Amino acid sequence: MLIFGTRWTAVMLGQLLYVCSHCQKETMHSAIVRKGMFTLFFIPLIPIGRQYLITCNLCGLRLRAVGNLLAQLQQWEKTGQLPSVESLAARQLQSRG
């Protein structure tokens, strides 16, 4: 008998201050990274995906990060520090030109 499946774990990167698109209030949002693994006999073997999410701490709205915010969260995960918008834009310009 072969036992296989998937397991998703969530790690919170930190808190960000944004205006929520649902409750229209400026509140803290949690930046979350979800990582998926394929498991065999309950042992995680193969990474199957990664999702970057932003969750409103007031109303619970959860959205996938896209565009500039996605790039910021990926950089935050690598370095452990949230990069500023200006430094991220400067890096993107350097890589293009």
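Of the residues making up the range 8-19, at least one is of a type in the set (F, W, Y) and in contact with a His (Cβ under 6 Å, 6 or more places away or on another chain). When C59 is tested against (1) among the hydrophobic types (A, V, I, L, M, F, W, C); (2) surrounded by 15 or more Cβ atoms within 10 Å (Cβ to Cβ); (3) modelled with pLDDT of 90 or more, exactly one condition is not met: (2). For the range 20-42, the condition of being in contact (Cβ under 8 Å) with a residue 60 or more places away in the chain and of a type in the set (G, A, S) holds for none of the residues.
The values are calculated or read from the model by the stated rules, or taken from the named source; none is laboratory data. Everything numeric in this text was worked out from a predicted model, so none of it was measured. A quick note on method: Cβ atoms are made from the backbone with ideal geometry, for glycine too, and the neighbour counts reach across all protein chains shown.
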